Amino acid sequence: MNIAKLAAASAVSALALGWAQSAQAEDLTLCWASWDPANALVELSKDFEAKSGHSMNFEFVPWPNFADRMLNELNSGGKLCDLMIGDSQWIGGSAENGHYIKLNDFFEQEGIQMSDFIDATVTGYSEWPKNTPNYWALPAFGDVVGWTYRKDWFERPELQAEFKEKHGRDLKAPTTFAELKDIAEFFQNREIDGKTVYGASIYTERGSEGITMGVMDVLYSFGFQYENPDEPYSMDGFVNSAGAVAGLEYYKELYDCCTPPGSSNGYMSEGIDAFKSGQVALQMNFAFTWPGFENDANVGGGKTGYFVNPAGPDGAQFAQLGGQGISVVSYSDKKDAALEYIKWFAQPEVQAKWWEMGGFSCLKAVTLDPSFPASQPYAQTFLDSMAIVKDFWAEPSYATLLQAAQRRFHDYVVAGNGTAQEALDGLVEDWTETFEDDGKL
């Protein structure tokens, strides 16, 4: 069944779906970040309300405040949220601290199989401990850091000729980070249509997670590893390997050479603004931004191209995982109704409609359908990106680990303090101290 047919099937009757309404209608509250996909979920959820008799309320918090607000809610045992679409890095702490209910028995009872979802999203959003069949969430929104570029600029004959004369190759989407830097330098301070433009928008934000998501997106392909594969939490020589140092140096070089003025504290929204306003030729950002570009008056209509995070100097190619799973909060008094929502959301026809509305489905019945790559201009890039993802620590102490990375990366890349080697050596010290405090070293 193709995607269009799956979406159309969502109109099928509640009886045909085998829907069993609860004896009592409930008012459920779903908590998530405040962004375009959340607005799409509100519309999608009207189908659930009609079929179940339950009412849906939504608590959405802007991304810069999302983690603090919702982790405080969970840590206090609050009852605001019945359902939580929590960030991928929260899964360890939320499982070990009892914030989420374990879903294994429910999945088995309802015939929901994790093998039906993109493997990386199951590992990233659902499992704790990682790579074990212990599930605390259903993959809800697949996301990954990728790149957009001004395809219409790249296609200008005079720019193509100038670039080819300088670099001996065509001006097109880069496949390596070396190529990406060449392109960013080529566009930096160039005048296009009477306006000065710049090379690239990259993540530099310090307050939440921004610069870490950007730096890691590069470091993976330069050889960075979080730990010795044969010795958990042994990080020296892996976090601060020669390849990782080269990757961090590259990130600083890209920041110094090729970003717009005032780029010292930018994350998702700043990247969106820079791209839509025509400031930059290249933009690093999560895939969730892509539907918005297609519909934008300035950069839509074929002006935007998409490409997978490039390869490093040795050919390694990875991308930073984003996205979230949906969980039932253990403090909720309405767990049965919340589980009904997850059952509804997991249905193939609902997932197909989710993709159609701008949500990034993780269900293989949607993403592996033969019609999927042609369903959106960015669909194939999304598929290719999700095949190479890595994620940040999902340990219960992830917030402390993240704060250390934010500080070390920002101090070096943006503030220009010390060397890349010193920054990563310091990060090993910080993370080692955290794991010692946790009793894991």
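Derivation of every value follows stated rules applied to the coordinates shown; laboratory data play no part. Small disclaimer: the values here were computed from a predicted structure and weren't measured. Quick reminder, even Gly has a Cβ in these numbers, built from the backbone with ideal geometry, and neighbours come from all protein chains shown.
Between 147, 86, 98, the Cα set farthest toward the positive side of the dipole of the range 67-166 (charges on each charged residue's Cβ, about the Cα centre) is that of 147. Toward the positive end of the charge dipole of the range 218-287, with +1 on the Cβ of Lys and Arg and -1 on the Cβ of Asp and Glu, the farthest Cα among 251, 237, 283 is that of 283. If you plug the beta carbon distance of residue 132 and residue 234 into 1/(1 + (r/R0)^6) with R0 = 22 Å, you get a FRET efficiency near 0.60.
On full extension of the chain, what length is gained from residue 164 through residue 189, given 0.36 nm per residue of separation minus the C-alpha to C-alpha distance? Don't skip to the end; give the middle numbers.
On the way: separation 25, 0.36 × 25 = 9.00 nm, distance 1.87 nm.
Full extension of this stretch gives 7.1 nm more.
Remark: the range 142-185 carries a charge dipole of roughly 60 debye about the Cα centre, counting +1 on each Lys and Arg Cβ and -1 on each Asp and Glu Cβ. Past the 20 Å Cα-Cα mark, which pairs from 166/252; 335/390; 102/353; 166/276; 79/353; 102/334? Beyond 20 Å: 166/252; 335/390; 102/353; 166/276; 79/353. Cβ-Cβ distance of residue 433 and residue 102, R₀ of 41 Å, FRET efficiency by 1/(1 + (r/R0)^6): the value works out to about 0.85. Amide hydrogen proximity for residue 346: with H placed 1.01 Å from N in the peptide plane, no residue at 5 or more positions away or on another chain lies under 5 Å. Compactness of the chain is given as radius of gyration and Dmax, 22.1, 72 Å, from Cα positions. Across all Cα atoms of the range 302-434, the radius of gyration (one decimal) and Dmax (whole number) stand at 20.0, 54 Å. Between residue 196 and residue 113, the simple spin-label model (points 7 angstrom out along Cα→Cβ) gives 5.9 nm.
Projecting the Cα atoms of 186, 120, 135 onto the dipole axis of the range 105-197, where Lys and Arg carry +1 and Asp and Glu carry -1 at the beta carbon, places 186 farthest toward the positive end. When the chain is treated as a Gaussian network with alpha carbon springs shorter than 10 Å, the biggest mean-square fluctuation among 168, 322, 78 belongs to 168.
Select from the chain the helices, each a whole stretch of DSSP H, whose alpha-carbon atoms run 20 Å or more along the helix axis and whose Kyte-Doolittle mean is at least -1.0; answer none if there are none. Don't jump to the answer; show the numbers that get you there.
Numbers: long enough: 36-52 (25 Å, -0.50); 242-258 (24 Å, 0.18); 398-413 (22 Å, -0.38); 420-437 (26 Å, -0.69).
In the chain, the long hydrophobic H runs are 36-52, 242-258, 398-413, 420-437.
Rounded to the nearest 20, the Cβ-based charge dipole of the chain about its Cα centre (Lys and Arg +1, Asp and Glu -1) stands at 1160 debye. Relative contact order of the range 357-427, taken over Cα pairs closer than 8 Å and 6 or more residues apart, is 16 percent. For the range 79-94 versus the range 40-74, the spacing of their alpha-carbon centroids is 12 Å.
With the simple model of a label 7 Å out from the Cα in the direction of the Cβ, residue 380 to residue 225 spans 3.3 nm. Let's test the formula: R0 of 56 Å, r as the Cβ-Cβ distance of residue 152 and residue 69. What FRET efficiency results, to the nearest 0.05? My answer for the efficiency is 0.90.
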